[in-house]
Structure formats: structure tokens, C-alpha cells
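Just so it is clear, none of the values below were taken in a lab; they were calculated from the coordinates. Given the structure is predicted, the values throughout are model-derived calculations rather than measurements. For neighbour counting, all protein chains shown are included, and Cβ atoms are generated from backbone atoms with ideal geometry for every residue, glycine included.
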Amino acid sequence: MSPSDAPDEQGTTGPGALLLFPGAGAGRDHRTLVALEKGLDLPVTRADFPYRREGRKAPDRAPRAIACVREEAALVADKAGVATDRVVLGGRSFGGRMCSMAVAEGLPAAGLVLISYPLHPPGRPDKLRVEHLPAIDVPCLFVSGDRDAFGTPEELSEHAAVIEGPVAHVTVSGTHELRSNDAEVVEAVRTWLATL
């Protein structure tokens, strides 16, 4: 039995599955999500939002995207044979943000993996996307580039401090796209998952 399979004091075990969504301009086959599926030891599901499935380019509005997160989380939990609160949610940019909003609205989860979290639009630090963060009470991992125009490491640390659950930050070299950083992202997520 590996440490992640060992029961904790409440008799539950570590994460049973990981559900990942892509950023607004990509699909479920984004290279980072594929690398995570191949590089992690627990079941990983990569999902698309409805607009991608329907062949549209404009992202769904938050209510529809959050409903999709809820539906996919229930499917993943059922397939893995675990409760929804043992599924880790997350993804890149828009995908991670929608998962964080779903959790803030009450969706149970084992934690959040937020890769290249879009704290604000590029060049618009006044347009923060942080209103829901104080309502998050699960462990969170932020993995971001040191030159991300959607939020600097310092900005992320400052604004993520309002999250009730434990927060970990991993900064890697790169921009919002994190090109050529998949191995570092996978290692950051693997290391963090072992703490849950």
C-alpha cells in the first residue's frame, strides 16, 4: 500500500481521481493535460467544455461551464468508485478557474490543481478574478510561469492568501503557455498530490 492509499484518521484515503479541463483556446488534448494523464499514478480524465464539443470558439459563460464541471465530476467519481470529495479538480487557465468557481459554489473536491491561473486579463491587473477565492476551503496548488501576463507569482501569492484551504505555489520559468515545461508541471502536481 502506497502512502497515498493509506487511510487517514477519518478512515478515508487520498485522492481517487483527477479531472482536468483545458484553457479557453484549447481542447482536452492540450499537451500539458496529456502529459499529466501519462505522468501521474491515479486515474486522470481530460474533459472539454460544451462550447468545444459543439465546435464553437467562444467559451461558455461561467454558469454553463460550472454546470459542466459538476456533471463531469459526478461521472468521474462514479467511474472511479469514489465520492466526489475524493476527486481533485482543475486544469489550465479558464479550465482551472471554472473548477475553482464550482468548488467555491459548494462542489465537494479533494483539492484544486490550478495551472496558469488567469488572475486578471493581460495588462489589466485592476480586473481581478478573485471574488470567489475566500469561499474555497480545499487544498490548492497553483503552478505558474514567472513571466505570466495573467498574474505574476507575487500577485498570485497575495490574492490566494484569502483561500481557506492550504495553498501551495510552484513557479516555473515561462509565460502563460508554459511551453516546454510539462515535465516540471507533472512533477509539481505529483509531489503535491502525495501530500493530500
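Taking amide H atoms as placed 1.01 Å from N in the peptide plane, the amide H of residue 90 lies under 5 Å from those of 19, 21, 113, each 5 or more residues away in sequence or on another chain. Span-like helix criteria (full DSSP H runs; alpha carbon extent of at least 18 Å along the helix axis; mean Kyte-Doolittle hydropathy of at least -1.0) are satisfied in the chain by 62-80. For residue 116, the amide hydrogen comes within under 5 Å of the amide hydrogens of 93, 143, 144, 145, counting only partners 5 or more places away or on other chains and with H modelled in the peptide plane. Counting neighbouring beta carbons within 10 Å and listing from fewest to most, the residues 48, 126 come out as 126, 48.
In the chain, the calculated helix contribution to ellipticity at 222 nm averages -9500 deg cm²/dmol per residue, counting -39,500 (n - 2.57) for every DSSP H run with n ≥ 4.
Across the stretch 171-177, coupling constants 3J(HN,Hα) worked out from phi with the 6.51/-1.76/1.60 Karplus curve, θ = phi - 60°, read 10, 10, 6, x, 9, 4, 6 Hz, and Gly and Pro carry x. Taken along its three principal axes, the alpha carbon spread of the chain comes to 47, 36, 32 Å, from the longest extent down to the shortest.
Stretched out straight at 0.36 nm per residue, the stretch from residue 146 to residue 74 would grow longer than its current Cα-Cα span by 22.5 nm. Given all pairs of different Cα atoms, what value in angstroms does the Kirkwood hydrodynamic radius of the stretch 109-172 take? By the Kirkwood definition, the hydrodynamic radius is 11.7 Å.
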